[in-house]
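Asker: First, the structure itself, so that you have it in front of you.
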Amino acid sequence: MLFENEVIDDLQCDGLKIIRNTKGYAFTSDSVLLANFAKARMTDCVLDLGTGSGIIPILMSKKTKANHFVGIDIQADICDLARRSIELNNLSDRITIINNDMTKLTEKDIGKFDVVVSNPPYYTVNQKNKNINERAISRSEIMINLKELIATAHRLINYGGLLYMVLKADRLVDCLTNLREKKIEPKLLIPVQPTPNKPVDVLLIKAKYGGRAGLIIEKPIIAQGYFSS
């Protein structure tokens, strides 16, 4: 199951484990926040855009009763890592990983989904060094930007479906503008602070395709206490 520089990490969630390359991409706490935040019913099919190591569908397989998960990522090596983690957890019957460019996929290719989740690249290319490696592609808009990702979600989500995202606070205006342009209405926003004395740096957003206007902003999550409890 393991290749050079790979280790198995315990996810501290009902025995789930994940394979990690110590010299490559690694999931962050933001993906864990999103997996805890997103909701799905037993009959729902869930799509994870930019799935990376598959951490979000793996965690959601225990935290929800969703029927099936599909994770898409453009990086072949990371998709291989995700598939092996899914096999390690005996989840191949519930989670499918697709190695493809999400901007080119249509309903005819993979169908439509009831729930879409995404922890998209946070940084625009001019904010970070444009090095083409796993970490850069996962963190920066080298392969896809926020507008393209939301357009992909719009193309692949059922009317009335829900979109869950986690993003940096300074991308909020860009996100809300693009969501409303695609008639995916923001419904819930939860700020996340690293500690009580530091400003909000991450946001959790829930939006509904075809939803009515009306946004609820809940009190912030304090990450320091959230992950230590």
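Asker: Out of contact with any Lys or Arg (no Cβ under 9 Å at 6 or more places or on another chain) and within 19 Å of Val202 (Cα to Cα) - does that describe any residue in the stretch 33-42?
Answerer: Yes, some residue in the stretch 33-42 is out of contact with any Lys or Arg (no Cβ under 9 Å at 6 or more places or on another chain) and within 19 Å of Val202 (Cα to Cα).
Asker: Also, quick follow-up: How many residues does the stretch 90-109 hold that are touching a strand residue (DSSP E or B) at 6+ places or on another chain (Cβ under 7 Å) and of a type in the set (D, E, K, R)?
Answerer: 1
Asker: Okay, next question. Take the stretch 52-82 and flag every residue that is of a type in the set (S, T, N, Q) and in a helix (DSSP H, G or I).
Answerer: Ser61, the sole residue that qualifies.
Asker: Within the stretch 161-193, restricting attention to residues that are in contact with a Pro (Cβ under 9 Å, 6 or more places away or on another chain) and among the β-branched types (Val, Ile, Thr), which residue is surrounded by the most Cβ atoms within 10 Å (Cβ to Cβ)?
Answerer: Top of the filtered list is Val166.
Asker: Just a yes or no: is a residue in the stretch 189-203 at pLDDT 95 or above, closer than 17 Å to His154 by Cβ and not in a loop (DSSP other than H, G, I, E, B)?
Answerer: No - not one qualifying residue is present in the stretch 189-203.
Asker: Only one residue in Asp14, Asp30 is among the charged types (D, E, K, R) and either touching a Pro at 6+ places or on another chain (Cβ under 6 Å) or under 18 Å from Leu149 (Cα atoms) (or both), so which one is that?
Answerer: Matching residue, one of Asp14, Asp30: Asp30.
Asker: Kindly evaluate Asn99 against the criterion of being over 15 Å from the mean Cα position of the chain (by Cα), surrounded by fewer than 19 Cβ atoms within 10 Å (Cβ to Cβ), under 30 Å from Thr22 (Cα atoms) and modelled with pLDDT under 95.
Answerer: It is false that Asn99 is over 15 Å from the mean Cα position of the chain (by Cα), surrounded by fewer than 19 Cβ atoms within 10 Å (Cβ to Cβ), under 30 Å from Thr22 (Cα atoms) and modelled with pLDDT under 95.
Asker: Within the stretch 116-138, does at least one residue satisfy the condition of being among the hydrophobic types (A, V, I, L, M, F, W, C), modelled with pLDDT of 95 or more and within 16 Å of the chain's Cα centre (by Cα)?
Answerer: Scanning the stretch 116-138, I find at least one residue that is among the hydrophobic types (A, V, I, L, M, F, W, C), modelled with pLDDT of 95 or more and within 16 Å of the chain's Cα centre (by Cα), so the answer is yes.
Asker: Moving on to the next point. From the residues in the stretch 33-51 that are touching a Pro at 6+ places or on another chain (Cβ under 8 Å) and assigned to a loop (DSSP other than H, G, I, E, B), which one is surrounded by the most Cβ atoms within 10 Å (Cβ to Cβ)?
Answerer: Thr51
Asker: What pairs come up if the first residue lies in the stretch 1-13 and is within 25 Å of Lys63 (Cα to Cα), the second is polar (S, T, N, Q) and outside any strand (DSSP E or B), and their beta carbons are under 8 Å apart, counting only those six or more places apart or on different chains?
Answerer: Val7/Thr22
The values are calculated or read from the model by the stated rules, or taken from the named source; none is laboratory data. Given the structure is predicted, the values throughout are model-derived calculations rather than measurements. Cβ: placed from backbone, ideal geometry, glycine included. Neighbour counts: every protein chain shown.
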